[in-house]
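Report on one structure; see the data block that follows.
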Amino acid sequence: MVKRVVVGAHYGLRDWLVQRLTAGVMAAYTVLFAIVLMVARPTNYSNWRALFSGQAMKLATLLFFLSLCLHAWIGMRDILMDYVGALWVRLGLQAIVILALTAWALWAVQVLWSV
């Protein structure tokens, strides 16, 4: 009989589900955004600005970027856990990924709400 020792933070099904949900959100946004582009056909800066000035578009785009960051975090964390053996190197790389994703998310908020 094999006795399995479970260690770590017990990821697994929850993260698998979150990654699938965030992929669904990003896919839905991409399809809806493509439809909006076909209908609105923005050609200059003022048209693009008008497109992103509505609260619904801002919130949908923000949801897309937050989903992208969460999706990327789960993927990068799993890659680092699988392929980086040294704990201090893995934690350092994870910290860099967290800082980068946080900075990009904050930048997206700043860009969206400056319109």
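A short reminder: the numbers here are calculations on the coordinates, not readings from a lab. No experiment lies behind these values; they were computed from the predicted model shown. Cβ atoms come from the backbone with ideal geometry, glycine included; neighbour counts cover every protein chain shown.
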What are the ³J(HN,Hα) couplings of region 71-86, residue after residue, when phi is run through the Karplus curve with 6.51, -1.76, 1.60 and θ = phi - 60°? Round to Hz, x for glycine and proline. 4, 5, 4, 4, x, 5, 4, 5, 4, 5, 5, 7, 10, 10, x, 6
Taking only Cα atoms, what is the 0 to 90° angle, nearest 10, from helix 87-112's long axis to the longest principal axis of the chain? 10 degrees
Put one equal scatterer on each alpha carbon of region 13-112, apply the Debye formula with no solvent term, and list log10 I(q)/I(0) at q = 0.14, 0.17, 0.21 1/Å to two decimals. -0.65, -0.85, -1.08
Taking R0 as 25 Å, what FRET efficiency do you get between ASN44 and GLN110 from their Cβ-Cβ distance, rounded to the nearest 0.05? 0.65
